[in-house]
Amino acid sequence: MKINEDTVVWITGASSGIGEACAKEANKKGATVIISARRLEALEKVKQACTNPSKVHIITLDLVKSDEMPSKVAEALSKVGKIDVLINNGGVSQRSLIKDTDFEVYRSMMEINFFGTIAITKALLPHFIKNQSGHVATITSLMGMFSSPKRSGYCASKHALHGFFDSMRAEHHDDNIKVTLVCPGYVTTEISMNALTADGSPQQKMDRTTARGISAEKCAQKILKAIERNKDEVYIGGKEIGAIYLKRFAPWLLNKIVRKVNTT
Ligand SMILES: NC(=O)c1ccc[n+]([C@@H]2O[C@H](COP(=O)([O-])OP(=O)(O)OC[C@H]3O[C@@H](n4cnc5c(N)ncnc54)[C@H](OP(=O)(O)O)[C@@H]3O)[C@@H](O)[C@H]2O)c1
């Protein structure tokens, strides 16, 4: 699907980082954009920084509140009439060892990254089925393809998204609903600052690897290109992408590397 002045794109986690960059990029291409996250003030700033703010609509939402997603979808449709593309981007990472991590941190990982994401998707699905058209792009991570230390809950939630959205792609192929799984590596955003530590508090530290990642703008351009090209799955980042191929062809070697390499 071409993203242009006729397209409506809804983006979660659009108050910063990759989601903010996707909103600006889609709006620059002429699209009407709905931007969602919890922080209204940050969303207002993103709106004003867009090329055409009159085509940017704000809907605040908290992905933890899955039961509110049907009313958020109704609100979105009442504002803009139709939705063509949903970019499921909102999410939180983790930096803590399994032995230290409160169980509630695992619940947060799954509530935000997995249940919230599938709740908004399921709430929008009848609209896509009715239109016999729609595209869901879900931002997972390379951590949805393999795992590394200190991210056990994050990796689990991102792997779960692959399971769900691969099923959805197959179930709704004949409804002309496309599904793209986007797996970024290191992207320089607030992700490591906001990552939950063992007791659920944010790490408030920029990881060296995150600081050296690709820009959110570059990542957003690749995400929109993958949507336009109807890609099933796309890997975005630097040389860390090579780990996907190691996992497939030499998993024993990848297991050895993730044991030793410091990814924070
Ligand atoms: N940066 C990377 O290296 C990297 C790599 C792989 C995958 N990713 C994925 O990319 C996505 C975007 O992350 P980012 O790097 O752009 O980090 P970020 O700058 O921390 O952005 C995270 C976004 O998610 C939103 N969010 C967090 N909790 C939420 C909740 N409960 N309800 C609604 N929105 C919520 C935040 O908005 P509010 O705080 O305003 O709610 C924010 O807009 C995430 O899914 C992340 O897992 C990032």
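The values are calculated or read from the model by the stated rules, or taken from the named source; none is laboratory data. From a predicted model like this one, the values you see are computed outputs, not experimental measurements. Counting neighbours? That spans all protein chains shown, and the Cβs are built from the backbone with ideal geometry, glycine included. For the accessible areas, the whole protein counts, side chains as well, though only heavy atoms, and no ligand, DNA or RNA atoms are used. Shrake-Rupley method; radii C 1.70, N 1.55, O 1.52, S 1.80 Å.
The residues of the range 237-262 that are open to solvent by 80 Å² or more (accessible area, probe 1.4 Å) and in contact with a helix residue (DSSP H, G or I) (Cβ under 7 Å, 6 or more places away or on another chain) amount to a single one, LYS247. ILE191 falls short on exactly one of the conditions (1) farther than 24 Å from GLU111 by Cβ; (2) surrounded by 15 or more Cβ atoms within 10 Å (Cβ to Cβ); (3) within 12 Å of the ligand (Cβ to nearest atom), and that condition is (1). A single member of SER96, SER157, SER147 is in a helix (DSSP H, G or I) and of a type in the set (Ser, Thr, Tyr), and it is SER157. For first residues located in the range 137-156 and among the aliphatic types (A, V, I, L, M), partners that are in a strand (DSSP E or B) and modelled with pLDDT of 95 or more and lie 6+ apart or on another chain with Cβ distances below 6 Å form the pairs ALA137/ILE87; ALA137/THR180; ALA137/VAL182; ILE139/VAL182; LEU142/CYS183; MET145/CYS183.
Residues in the range 93-107: is at least one within 13 Å of the ligand (Cβ to nearest atom) and in contact with a helix residue (DSSP H, G or I) (Cβ under 6 Å, 6 or more places away or on another chain)? Looking through the range 93-107, at least one residue is within 13 Å of the ligand (Cβ to nearest atom) and in contact with a helix residue (DSSP H, G or I) (Cβ under 6 Å, 6 or more places away or on another chain). If we scan the range 71-84, do we find a residue that is assigned to a helix (DSSP H, G or I), within 11 Å of the ligand (Cβ to nearest atom) and either under 23 Å from HIS162 (Cα atoms) or at pLDDT below 95 (or both)? Looking for residues that are assigned to a helix (DSSP H, G or I), within 11 Å of the ligand (Cβ to nearest atom) and either under 23 Å from HIS162 (Cα atoms) or at pLDDT below 95 (or both), one finds none in the range 71-84, hence no. Cβ-Cβ contacts under 9 Å between residues 6 or more apart (or on different chains), taken from a first residue in the range 96-118 that is among the β-branched types (Val, Ile, Thr) to a second residue that is at pLDDT 95 or above and more than 15 Å from the ligand (Cβ to nearest atom), are listed as ILE98/PRO149; THR101/ALA198; THR101/ASP199; VAL105/SER96; VAL105/ALA198; VAL105/ASP199; ILE118/MET168.
Residue-level analysis places GLY238 outside the set of residues that are under 28 Å from LYS29 (Cα atoms), within 20 Å of the chain's Cα centre (by Cα), near the ligand (Cβ under 10 Å from one of its atoms) and of a type outside the set (S, T, N, Q). The residues of the range 37-91 that are among the small types (Gly, Ala, Ser) and surrounded by 14 or more Cβ atoms within 10 Å (Cβ to Cβ), listed by number, are ALA37, ALA42, SER66, ALA76, GLY90, GLY91. Scanning the range 205-236 for residues that are open to solvent by less than 50 Å² (accessible area, probe 1.4 Å) and touching a Cys at 6+ places or on another chain (Cβ under 9 Å) returns GLY213, ALA216, CYS219, ALA220, ILE223, LEU224, VAL234, ILE236.
One line per residue, one yes/no per condition, for (1) outside any strand (DSSP E or B); (2) of a type in the set (D, E, K, R); (3) near the ligand (Cβ under 9 Å from one of its atoms); (4) under 25 Å from ALA123 (Cα atoms):
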| site | (1), (2), (3), (4) |
| --- | --- |
| ASN4 | yes, no, no, yes |
| VAL9 | no, no, no, yes |
| ALA14 | yes, no, yes, yes |
| GLY30 | yes, no, no, no |
| SER36 | no, no, yes, yes |
| LYS47 | yes, yes, no, yes |
| HIS57 | no, no, no, yes |
| VAL64 | yes, no, yes, yes |
| MET69 | yes, no, no, yes |
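Scanning the range 194-204 for residues that are in a loop (DSSP other than H, G, I, E, B) and in contact (Cβ under 8 Å) with a residue 60 or more places away in the chain, we see that the one that is most open to solvent (accessible area, probe 1.4 Å) is ASP199. Which residues, counting only those in the range 146-180, are among the hydroxyl-bearing types (Ser, Thr, Tyr) and either within 17 Å of PHE114 (Cβ to Cβ) or open to solvent by 20 Å² or more (accessible area, probe 1.4 Å) (or both)? Across the range 146-180, the qualifying residues are SER147, SER152, TYR154, SER157, SER167.
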